[in-house]
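Asks: Before I ask anything, here is the structure I am working with.
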Amino acid sequence: SSLFVYPTKIIIKTCGTTQLLKSIRPLIHLAKNLGLTICGCRYTRGTFIFPKSQPFPHINFKQEVIYIEENLPNNLCFRKASVMPSKNPSYSWHVFSSASDNGVHFSDGEFTVEVCMTELDQVLARKFFKTGGDSAAKEMTDLTGIGNINPRALICDFVFDPCGYSMNGVDGDRYSTIHVTPEDGFSYASFEYVGSVYDDQDDIVETLKKAVQVFKPATVSVSTTSHRREVWTRVAHAMEPLGLKCRSFAMDEFSTAGTVVFQTFTAARR
Amino acid sequence: MAVSGFEGFEKRLELHFFGDDNDPTVTTMGLRLLDFESLENVLRVVQCTVVSAVGNHFFDAYVLSE
């Protein structure tokens, strides 16, 4: 799990049976004490592998949306919730977005890519079981190729006992993050990063390719959020050379957060 | 699929705020002025803790348990 704190933005991403949405109210309160007023909220997630294990308020998406709305102030009046489907119902993308009438200040050229990977290659997944001591995290970052995804980034990594790995990458004002659950039967890895449409477009492709190659998953879902539409086309260009074929595509407009495009890919051959 | 296991799929929350644009502490520090204990209290409600952290001129990044 990860937390990113910017001067006027906070991002929390948690897995397991955490109760993420319970952070909304205390964060709004703490920000208010600093003279800051909330003007935007975005909540996203995939479809849980073990939905029955999730505690309140994460019992289902409808319940989550009710809870969010109850905890947001009335000034966030533009609200939209959507479940973006894929051909396989196990891979739906859940999005809630809201903003105040004076608008959220999402940067025009900025985009967020959220990648979810399941059925990781078993040999590669074994690299995420702890074997070393204090330097285990750095060794894992180097040996798996994660450190090479963005060589410019300052990496903060952590290995869990007996297995599992998390890292945050810090590169100027942009973050990236990876989380890995390597156990057979429910192996999972995520990669998320922020980019700009003004970057070299080949960088988007190469970054995605390098991240997915670390895990060689059977299924990949990619969500892109941007005010510009061209980003999602780059995703397919990154996946196809890796033997991953696009199986579904969904697009939805969120006036506040921009356009969300959700694509799923599966391995043509393992 | 296993009957039960660790849920890898994350939940992700992004909150945006605004303040007085003329106040330089908002534009340069803002939420980064929150003390560590306050952040930990929020994370306790979520049911995780900070296990590692790094920061630069622009933002702070924390790796959390779970």
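Values in this text are rule-based calculations from the coordinates and carry no lab data. Just so it is clear, the structure is predicted and the values come from calculations on it, not from any experiment.
Asks: Please report how far the C-alpha centroid of segment A:149-218 lies from that of segment B:26-66, rounded to the nearest whole angstrom.
Replies: 20
Asks: Oh, and also: List every residue whose amide H lies under 5 Å from the amide H of A:F160, counting only residues 5 or more places away in sequence or on a different chain, with H placed 1.01 Å from N in the peptide plane.
Replies: Residues meeting the amide H criterion: A:Y165, A:S166.
Asks: Going by the alpha-carbon gyration tensor, a ≥ b ≥ c the square roots of its eigenvalues, is the protein assembly as shown rounded (a/c under 1.5) or, if a/c is not under 1.5, prolate (a/b greater than b/c) versus oblate? Please report the intermediate quantities before stating the final value.
Replies: Numbers: a/c = 1.40, a/b = 1.28, b/c = 1.09.
Taking the square roots of the gyration eigenvalues as a ≥ b ≥ c, the protein assembly as shown is rounded.
Asks: What is the total of Lys pairs in segment A:30-182 with C-alpha atoms under 26 Å apart, excluding same-chain pairs fewer than 8 positions apart?
Replies: Numbers: A:K32/A:K80; A:K52/A:K62; A:K52/A:K80; A:K52/A:K87; A:K62/A:K80; A:K62/A:K87; A:K127/A:K138; A:K130/A:K138.
Close lysine pairs under the 26 Å cut-off: 8.
Asks: While we're on this one: If amide hydrogens are placed 1.01 Å from N in the peptide plane, which non-local residues have theirs closer than 5 Å to the one on B:S52?
Replies: Amide H to amide H, under 5 Å and 5 or more residues apart or across chains, B:S52 pairs with B:V63.
Asks: Compute the Cα gyration tensor for segment A:147-270, then decide on rounded, prolate or oblate, letting a ≥ b ≥ c be the square roots of its eigenvalues: rounded whenever a/c is under 1.5, prolate when a/b is larger than b/c in the other cases, and oblate in all that remain. Please report the intermediate quantities before stating the final value.
Replies: Working: a/c = 1.64, a/b = 1.17, b/c = 1.40.
It comes out oblate by the Cα gyration axes.
Asks: While we're here: Can you give the angle from 0 to 90° between the axis of helix B:36-46 and the longest principal axis of chain B, with both taken from C-alpha atoms, to the nearest 10?
Replies: Taking Cα atoms only, the helix is inclined about 40 degrees.
Asks: Would you mind telling me which residue in A:K209, A:K245, A:K62 has the biggest mean-square fluctuation in a Gaussian network model of chain A, where springs connect alpha carbons within a distance under 10 angstrom?
Replies: Sorting by GNM fluctuation, first place goes to A:K62.
Asks: Right, another one. For chain B, just run the numbers: alpha carbon Rg, then divide by 2.2 N^0.38 Å, N being how many residues it has.
Replies: Chain B yields a ratio of 1.46.
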